[in-house]
1. Of the residues that make up region 75-85, is at least one part of a helix (DSSP H, G or I), without any contact (Cβ under 8 Å) to a residue 60 or more places away in the chain and in contact with a Gly (Cβ under 9 Å, 6 or more places away or on another chain)?
Amino acid sequence: MDQQQSGAPNGERSGDGGARTFGQRVDRVSDTAQQAWTRTRDAFDDIKGTLDVDGRVDRHPYGTLAAALGVGYVLGGGLFSPLTARILGLGLRIGIRLAALPVLKDELFGFAERMGEGESGEEGSGGKSRRTKHANTNKGRTP
């Protein structure tokens, strides 16, 4: 590992053979940036090939657009915004109503059946006795 000389100006390394010119430093930074850009482009191409982005866009354009909007919303800081709180609140209210509606319906029908049993004194609903009565009146008829 290279060590810095204690008396070297501007923190130059001892293995450099002296001070570099400004042009040499710019060339070195340019080369480093070019290498980083090449590596990034290669990595992006590998990811693009692995995920088959072009094929997904061709097969599912609207789904891809929705996914891009969602990712952009989250990365843009929209996850903890008041709009997100409103959307989640509305979704929870609708979800609870939709989940509670069948339960309430079953309870109300059960309550109505129990009330019908209590009034008529028969087991089952009042509609059952009407069906039996209707069936008996139609017994003698032929269709």
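The values are calculated or read from the model by the stated rules, or taken from the named source; none is laboratory data. Keep in mind that this is a model prediction, so the values were computed, not measured. Here the Cβ is made from the backbone with ideal geometry for all residues, glycine too, and neighbour counts use every protein chain on show.
1. Yes, region 75-85 has at least one match.
Residue-by-condition table, conditions (1) at pLDDT below 90; (2) out of contact with any His (no Cβ under 6 Å at 6 or more places or on another chain); (3) surrounded by 12 or more Cβ atoms within 10 Å (Cβ to Cβ); (4) among the aliphatic types (A, V, I, L, M):
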residue	(1), (2), (3), (4)
Asp54	yes, yes, no, no
Tyr62	no, yes, no, no
Ala66	no, yes, no, yes
Gly70	no, yes, no, no
Ala85	no, yes, no, yes
Leu90	no, yes, no, yes
